[in-house]
Amino acid sequence: MTKPKKKILLFTEFSKQIGRGHYYRSLQIHKKLSKKYQCEIKLNKNSSYINNLLKKNNHDLVIFDFKKYSKNLFKWDNKYIAFDNKIKFHKNLINLNPLTFSNSKNCYCGPNWYPYPEDFHIKNFKKIKKKHFSLLIAQGATDAFNNIKKIVKCLNYLDYKKIRICIIKMPKNLKLNFQNKNNVKIKKLGTVKKISNILKNTDLAITGCGNFSLETSFFGIPGVFVSSEKTEIKRGKILQKKGLGRFYNPNKLKHISIELNKLLNNHNYYKKIMQKKLKLFKKNGINNISKLVDQHINEI
């Protein structure tokens, strides 16, 4: 007789201000865990709905991927995993913080716990030294602070002889008319099924300091970090301190351009940052999460 699959319930959210990072991470986790478990994902549900579901206690594990948490979510006797949370709300709660950098052995922190898409791990070959570069500009899936229209102006100050193409990741419903600048071809990018196809061919990036900064760093892509969000500003300064790229306010166009031009023209500087990123970020986080789930569910 076939043993029934254990049940996992996954709650996540997205909005203009929150972005889609939590949702995209949850999709990767759902895809991975569904190979072994009966995994169900719930999107943008309020606490009343969640508690009415959890009080039935008919799931083996509950996973949350929210921006903010309250103790009210953990009042039922379930086993839990929560992303981007540091408070021990329940004795059976494991907190995962892939965007937090810590050297503590007892902390599930850093890129080891980030659910990179499985196709990221398909072997790729990247040329280190190039005459012409491709630049990617992205501010999350929703551009919550409308930074893209500011950042793109930095193209006026770049060494355009070195830039072949600039790809701008456009949030849904954002209507901005970008024209080619200084012979740099500008390409607008909407919904992407496999972001790895873009990142494998990207040489420089201007990103925020959220999930996408980890994904670009997985491929060792040097660049700058730009954000207006309070938590990301703190994280950007940490990334800068670690020598993984400079952090700037979106209004610092000339500073952003100076740093990008340095990366374009100083190969040793470019290579040093690329190697640091590959060493720190190229991890199989989705497998680590899967193994942790196995341990947590099967724990007596």
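The values are calculated or read from the model by the stated rules, or taken from the named source; none is laboratory data. Please read these numbers as outputs of a predicted model, since none were measured by experiment. All Cβ positions, even for glycine, are placed from backbone atoms using ideal geometry, and neighbour counts span all protein chains on display.
Quick check on my filter: what residues within the stretch 228-248 are within 24 Å of Lys272 (Cα to Cα) and either of a type in the set (D, E, K, R) or modelled with pLDDT under 95 (or both)?
Hits for the stretch 228-248 are Glu232, Lys234, Arg235, Lys237, Lys241, Lys242, Arg246.
Taking Lys32, is it surrounded by 15 or more Cβ atoms within 10 Å (Cβ to Cβ) and modelled with pLDDT of 95 or more?
Yes, satisfied.
Condition test on Glu215, is it at pLDDT 90 or above and surrounded by fewer than 20 Cβ atoms within 10 Å (Cβ to Cβ)?
It is false that Glu215 is at pLDDT 90 or above and surrounded by fewer than 20 Cβ atoms within 10 Å (Cβ to Cβ).
Which of (1) modelled with pLDDT of 85 or more; (2) aliphatic (A, V, I, L, M); (3) closer than 23 Å to Leu204 by Cβ does Leu174 not meet, given it meets every other one?
Of (1) modelled with pLDDT of 85 or more; (2) aliphatic (A, V, I, L, M); (3) closer than 23 Å to Leu204 by Cβ, only one is false for Leu174: (1).
Among the candidates Gly140, Gly110, which residue alone is at positive phi, at pLDDT 90 or above and of a type outside the set (Phe, Trp, Tyr)?
Gly110
In the stretch 37-57, is there at least one residue being in contact (Cβ under 8 Å) with a residue 40 or more places away in the chain and under 30 Å from Lys172 (Cα atoms)?
no
Please go through the stretch 184-221 and pick out each residue that is of a type in the set (Val, Ile, Thr), in contact (Cβ under 8 Å) with a residue 60 or more places away in the chain and not in a strand (DSSP E or B).
If the condition is that a residue be of a type in the set (Val, Ile, Thr), in contact (Cβ under 8 Å) with a residue 60 or more places away in the chain and not in a strand (DSSP E or B), then Ile195, Ile198, Thr202, Thr216, Ile221 are the ones that fit.
If Val224 meets every condition in (1) of a type in the set (Val, Ile, Thr); (2) assigned to a strand (DSSP E or B); (3) out of contact with any Asp or Glu (no Cβ under 7 Å at 6 or more places or on another chain) apart from one, which number is that one?
Evaluating Val224 over (1) of a type in the set (Val, Ile, Thr); (2) assigned to a strand (DSSP E or B); (3) out of contact with any Asp or Glu (no Cβ under 7 Å at 6 or more places or on another chain) leaves (3) as the failure.
Output the number of the condition that Trp76 fails; it satisfies all remaining conditions of (1) in a helix (DSSP H, G or I); (2) at pLDDT 90 or above; (3) over 25 Å from the mean Cα position of the chain (by Cα).
It is condition (1) that Trp76 fails.
Tell me the residue from Lys276, Lys242, Lys291 that is surrounded by fewer than 16 Cβ atoms within 10 Å (Cβ to Cβ) and over 20 Å from Arg25 (Cα atoms), please.
Lys242
Can you find a residue that is buried (at least 16 other Cβ atoms within 10 Å of the Cβ), of a type in the set (Ser, Thr, Tyr), under 14 Å from the mean Cα position of the chain (by Cα) and at pLDDT 90 or above anywhere in the stretch 190-206?
Taking every residue of the stretch 190-206 in turn, at least one turns out to be buried (at least 16 other Cβ atoms within 10 Å of the Cβ), of a type in the set (Ser, Thr, Tyr), under 14 Å from the mean Cα position of the chain (by Cα) and at pLDDT 90 or above.
Please go through the stretch 137-170 and pick out each residue that is surrounded by fewer than 19 Cβ atoms within 10 Å (Cβ to Cβ) and over 19 Å from Asn211 (Cα atoms).
Passing the criteria: Lys149, Lys150, Val152, Lys153, Asn156, Tyr157, Asp159, Tyr160, Lys161, Arg164, Ile165.
Report, ordered by the first and then the second residue, all pairs with beta carbons closer than 7 Å, sequence separation of six or more or different chains, a first member in the stretch 12-26 that is within 14 Å of Phe212 (Cβ to Cβ), and a second member that is of a type in the set (Val, Ile, Thr) and buried (at least 19 other Cβ atoms within 10 Å of the Cβ).
Close Cβ pairs (under 7 Å, with a partner that is of a type in the set (Val, Ile, Thr) and buried (at least 19 other Cβ atoms within 10 Å of the Cβ)) amount to Gly19/Thr142; Arg20/Thr142; His22/Thr12; Tyr23/Thr12.
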